[in-house]
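To start, the structure under review is shown below, and the notes come after it.
We did not get these values from a lab; they are worked out from the coordinates using the rules stated. What you see is a predicted model, and the numbers here were worked out from it, not measured in a lab. Virtual Cβ from ideal backbone geometry, glycine too; neighbours counted across all protein chains shown.
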């Protein structure tokens, strides 16, 4: 073999070897079609969607940090009932934006606001919540309005009611329950995810199911109750069944259980119920810290 031929062969070999090594070590581009949701505790969720990571309703306090809610079931119990499954600092790792569906303590405390960075983009439902959170030192508070865009992710506010008409007929109680929103996540090639929020089943929920045809529906389904009233202030086990019937092709994720004093439905009881009704293949009931992929 001629020297020039040998040199050329060695060069080709080295080029192919470098290309092979590069192919083995090059990081894969993120698959934005996959959605990863980590259920943290109560209604707190860390969702990575279309390449962005959102933290929804951060309750980051230690077990027993706050008194139970007055006028609710088991108000003698201190909240939260359980510790975080991972440290609060780890919850915040990689978070690009925060969504606060409403400012009740079990949806927005941020570990008494020690762990959520003051300059992080933070979405809220209306000006009153924005004013409150800006007063806590947050500098990038955004009102969601009907919809918003964040780094290629479309966020749409949905409606509901945090209790029954009977409860809202009492002005003081209605003011305490307040307004709570849900949120729909959408992006090209990604499944549509609908966080229903703190609401009972109302026309707004049906309208959102019709409008968005979500692939994943996250239900706050713990049958939270007030003393002296019938009915729950959020979804119940019967609403989980109703959602399964209304959206038979969607995956349902049931959360908001086993963490706050006035919850009357446990994960175990809900699991029994979904099995009795034959919807266990459709319903996910994550443990604290569990990661789901859709």
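Efficiency by 1/(1 + (r/R0)^6): what FRET value for residue 215 and residue 62, r their Cβ-Cβ distance, R0 = 30 Å, to the nearest 0.05? It comes to 0.30.
Estimated from helical segments only, the mean residue ellipticity of the chain at 222 nm is -8000 deg cm²/dmol, where each DSSP H run of four or more residues counts as -39500 (n - 2.57). Each 5 Å bin, from zero up to the one with the longest distance, holds this percent of the alpha carbon pairs of the range 29-287: 1, 6, 14, 18, 21, 19, 13, 6, 2, 0, 0. For the chain, the share of DSSP beta bridges that are antiparallel, to the nearest 5, is 60%. Once both axes come from the Cα atoms, what is the angle between helix 237-246 and the longest principal axis of the chain, in degrees from 0 to 90, rounded to 10? Helix 237-246 sits roughly 50 degrees off the main axis of the chain.
In a fully extended conformation the segment linking residue 175 and residue 134 would gain 12.7 nm over its present Cα-Cα distance, using 0.36 nm per residue.
Once both labels are positioned 7 Å from their Cα atoms along Cα-to-Cβ, the gap between residue 34 and residue 105 label points is 3.9 nm.
Each Cα pair under 8 Å and six or more residues apart adds its sequence gap; the mean of these over the residue count of the chain is a relative contact order of 19 percent. The distance between label points at residue 238 and residue 203 comes to 2.1 nm (points 7 Å beyond Cα on the Cα→Cβ vector). Helix 267-276 and the longest principal axis of the C-alpha atoms of the chain enclose an angle of approximately 90°.
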